[in-house]
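Contents: one structure, followed by commentary.
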Amino acid sequence: MIEVLVVDDDFYVAQINARYVSKVPGFHVAGRAQSAAQAFSAVVRGGIDLILLDQYLPDESGLSLTRRLRRHSQDIDVIMVTADRRAASIQEALRAGVLQYIMKPFTPEGLRHKLEAYAYLRGALSDVEMDQEKVDRILGTLRTSAAARPMPKGYTERTAELIQQIASRTNRPVSAHEVSEQAGVSRSTAQRYLKYLEESGRLRITLKYGDSGRPEHYYSGA
């Protein structure tokens, strides 16, 4: 589960954004903050993977906070959410290490696509070694959402979301057999969708060795 801190100076906007985040499988809202000071303290306490960060805060800009977190060696990812449309601000955000830049107003679906692209990025970077093709694909997620890619022929987004939710909502990795029973689909169908979701970065795969010595695939939220 990816733990998210939602930061916005407007309490109601933060509440709405947190609700959007909580509806995306694999993501959990770890907390909300309305100032840079509150956000900094929350990150330092630990347990945060990603900040959904407003640029305009009462005590410090979002970009300034991002730089301060970097100076303090905080291992945190940032998606900026702002009404600032100036090209110079976007360039400044990229140089500060911001992964995504979302302009207000945005739709729940737009945010969902950005979060799913981020989940794909995290999953892909868990590999020990890379080749050029994978590097290009990873960097491409910063510009094109993983969710924007067309579904393979014969697949439906409804079934993909159902299987993703089943694999993400448990406290342990699940097998294709367990998913097929809960989703009401055949085991082969569950395996196909699980493989697609893992390759899309929406699920994470784990290998476990059974009594036969052969590896078994288990899946969990990215």
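The values are calculated or read from the model by the stated rules, or taken from the named source; none is laboratory data. All values derive from a computational prediction rather than experimental measurement. When we count neighbours, we look across all protein chains shown, and the Cβ atoms used for this are built from the backbone with ideal geometry, even at glycine.
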Going through the stretch 26-73 in order, the residues found to be within 10 Å of Val6 (Cα to Cα) and either of a type in the set (Lys, Arg) or assigned by TED's automatic domain parsing to the domain that holds Asn171 (or both) are Arg32
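This table checks each residue for (1) assigned to a helix (DSSP H, G or I); (2) among the aromatic types (Phe, Trp, Tyr); (3) surrounded by fewer than 22 Cβ atoms within 10 Å (Cβ to Cβ).
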site	(1), (2), (3)
Val4	no, no, no
Asp9	no, no, yes
Ile16	yes, no, yes
Val44	yes, no, yes
Leu52	no, no, no
Leu57	no, no, yes
Val81	no, no, no
Arg85	no, no, yes
Ser89	yes, no, yes
Do we have Ile48 as part of a loop (DSSP other than H, G, I, E, B) and closer than 21 Å to Gly26 by Cα here? yes
Specify which of the listed residues (Gly62, Gly97) is at pLDDT below 95, under 22 Å from the mean Cα position of the chain (by Cα), over 21 Å from Leu121 (Cα atoms) and of a type outside the set (Asp, Glu). Gly62
Could you please find all residues in the stretch 21-42 being outside any loop (DSSP other than H, G, I, E, B) and among the hydroxyl-bearing types (Ser, Thr, Tyr)? Ser22, Ser41
Of the residues that make up the stretch 106-123, is at least one more than 16 Å from Ile2 (Cβ to Cβ), at pLDDT 90 or above and out of contact with any Phe, Trp or Tyr (no Cβ under 7 Å at 6 or more places or on another chain)? no
Within the stretch 162-180, work out how many residues are surrounded by 14 or more Cβ atoms within 10 Å (Cβ to Cβ) and part of a helix (DSSP H, G or I). 11
